[in-house]
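Below: the structure, in structure tokens.
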Amino acid sequence: MTPTGDGWSPALARAGRITACFQPPALCTEQNWDYIGIRGLLAVVLAALASQSRRSPDDVPLTELRQHCEQGARHVRDLAAAVVGEDLAHSLDTAPDAPVPTAGQPPLATWLWLTRLWPPQPPDDISGLPPVRPRPQWDGLTRGIARGHAGAAVDLLPTWAADATEAAMNTRQPPGR
């Protein structure tokens with residue numbers, strides 16, 4: 001199974017279900033940076049694990065998924081090599097204007113977004129006046145995790161992805177194993 005073929009869509013779908021166990025339903029939208037990031041990171045890890053073991057992303061046990069996410073960003077990048085190639089897996093900000101990935105796009109689009117650096121949000125003006133120039137946005141997405149941090153999502157979210165997987169493990173009807 002290749003992650004760019006039949007493996008990517010199931011990985012992304014399962015990652016969305018797992019992330020939904022962790023976040024309130026109102027935040028599980030294509031307009032939420034946290035949801036998009038956690039879902040994307042989980043999808044890449046699921047696709048990589050499925051590819052390495054020649055199984056479906058739906059057959060990757062949640063305990064295994066959580067353990068891999070808990071190992072941090074470097075490990076996620078190592079896994080991503082199976083999905084996007086070695087050079088790209090360890091790159092940063094290859095596509096600074098990478099748009100928000102949609103469900104129909106290949107894993108490369110998700111990875112470019114996950115490795116994108118974000119403009120830091122300027123501090124609030126203590127005078128209470130509106131900013132002189134517009135504040136940078138994260139492509140118009142709301143963001144709760146690491147607000148104002150310029151780091152790439154892949155470096156900020158592995159622990160959150162592990163927590164989302166743990167939440168899925170603790171639901172009454174977990175999404176897969």
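The values are calculated or read from the model by the stated rules, or taken from the named source; none is laboratory data. A quick note: this is a predicted structure, and the numbers were derived from the prediction, not measured. Neighbour counts are summed over all protein chains in view; Cβ atoms, including those assigned to glycine, are modelled from backbone coordinates with ideal geometry. Areas reflect the complete protein model, heavy atoms only, side chains present, ligands, DNA and RNA absent. Shrake-Rupley method; radii C 1.70, N 1.55, O 1.52, S 1.80 Å.
Residues being open to solvent by 40 Å² or more (accessible area, probe 1.4 Å) and out of contact with any helix residue (DSSP H, G or I) (no Cβ under 6 Å at 6 or more places or on another chain) are entirely absent from the stretch 36-44. Listed by first and then second residue, the pairs linking a residue in the stretch 11-26 that is open to solvent by 10 Å² or more (accessible area, probe 1.4 Å) to a residue that is among the polar types (S, T, N, Q), with Cβ atoms under 9 Å apart and 6 or more places separating them unless they lie on different chains, are 12/110; 21/165; 21/170; 21/171; 22/165; 23/32; 26/32.
Test residue 26 against the stated conditions and say whether it is in a helix (DSSP H, G or I) and either in contact with a Phe, Trp or Tyr (Cβ under 8 Å, 6 or more places away or on another chain) or of a type outside the set (D, E, K, R) (or both).
yes
On inspection, residue 133 passes the criterion of being at pLDDT below 65 and basic (Lys, Arg).
Looking at this structure, is residue 93 of a type in the set (Asp, Glu) and within 22 Å of residue 150 (Cβ to Cβ)?
Yes: the conditions hold for residue 93.
With the requirement that a residue be under 13 Å from residue 169 (Cβ atoms) and either open to solvent by 10 Å² or more (accessible area, probe 1.4 Å) or not β-branched (Val, Ile, Thr) (or both), what does the stretch 45-72 give you? Passing the criteria: 61, 62, 63, 64, 65, 66, 67, 69, 70.
Looking at the stretch 158-173, is at least one residue modelled with pLDDT of 70 or more, surrounded by fewer than 12 Cβ atoms within 10 Å (Cβ to Cβ) and assigned to a loop (DSSP other than H, G, I, E, B)? Checked against the condition, which is being modelled with pLDDT of 70 or more, surrounded by fewer than 12 Cβ atoms within 10 Å (Cβ to Cβ) and assigned to a loop (DSSP other than H, G, I, E, B), the stretch 158-173 yields at least one hit.
Any residue at all in the stretch 81-95 that is under 17 Å from residue 40 (Cβ atoms), at pLDDT below 90, touching a strand residue (DSSP E or B) at 6+ places or on another chain (Cβ under 9 Å) and not polar (S, T, N, Q)? The answer is no; no qualifying residue exists. Of 116, 147, all but one fail to be surrounded by 18 or more Cβ atoms within 10 Å (Cβ to Cβ) and either modelled with pLDDT under 85 or part of a loop (DSSP other than H, G, I, E, B) (or both); the exception is 116.
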